[in-house]
Amino acid sequence: MSRTACLTVAAGVALYGASCFVVPGSAPRGAPLMNSAMADVELAFSAPAPESASTSAFSPLAMGLALGLLAAVLGGRPALAADLENGESIFLGNCAACHAGGNNSVRAEKKIKKEELITYGKYDIGAITTQVTNGYGAMPAFGEKLGPDDIDDVANYVYNKADKW
Ligand SMILES: *[C@@H]1O[C@H](CO)[C@@H](O)[C@H](O)[C@H]1NC(C)=O
């Protein structure tokens, strides 16, 4: 890896430390983690070993760090479990018209309770997600109306609620 690439990684680590490791309200900026991250970088830099040796020792670590940071920065937040509260409000706004109380006011036998979901092979978050996205029979599709996150949340909500209606 070239010096430039190492520098880029180092800058990334320093930035990441500065922006993410400082807990609001905690001691002055420059929390210990940031200092240690920067110290590591300095260590990696000041290693006097020949270019080839330092490259082979540093690169995998640097790449791992860089990729990890990239994921952390781009991801914004770690993949969280579905938001069941949001799922409930999506349900009330989009599904309750036909599925109030876990019932089905259009096709009474196709309730969204556990027993019926099992009977019709829909007791599965993936199957519910597909049905909500594409529609099925007399049920309208929501793929154009709801975003993927909302569909994911409402599918999880329905699945979780199926044995509780
Ligand atoms: C759901 O259906 C059951 C019987 O099939 C009925 O007793 C209940 O009141 C219904 N719930 C709602 C919210 O419509």
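Residues that are farther than 17 Å from W165 by Cα: which helices (runs of 4 or more DSSP H) entirely in the stretch 85-134 hold 3 or more of them?
125-134
Would you check if K114 is touching a residue at least 40 places away in the same chain (Cβ under 8 Å), within 16 Å of the ligand (Cβ to nearest atom) and out of contact with any helix residue (DSSP H, G or I) (no Cβ under 7 Å at 6 or more places or on another chain)?
The answer is yes for K114.
Only the coordinates and a few stated rules stand behind these numbers; no lab work does. Given the structure is predicted, the values throughout are model-derived calculations rather than measurements. Neighbour counts run over all protein chains shown; Cβ positions are idealised from the backbone, glycine included.
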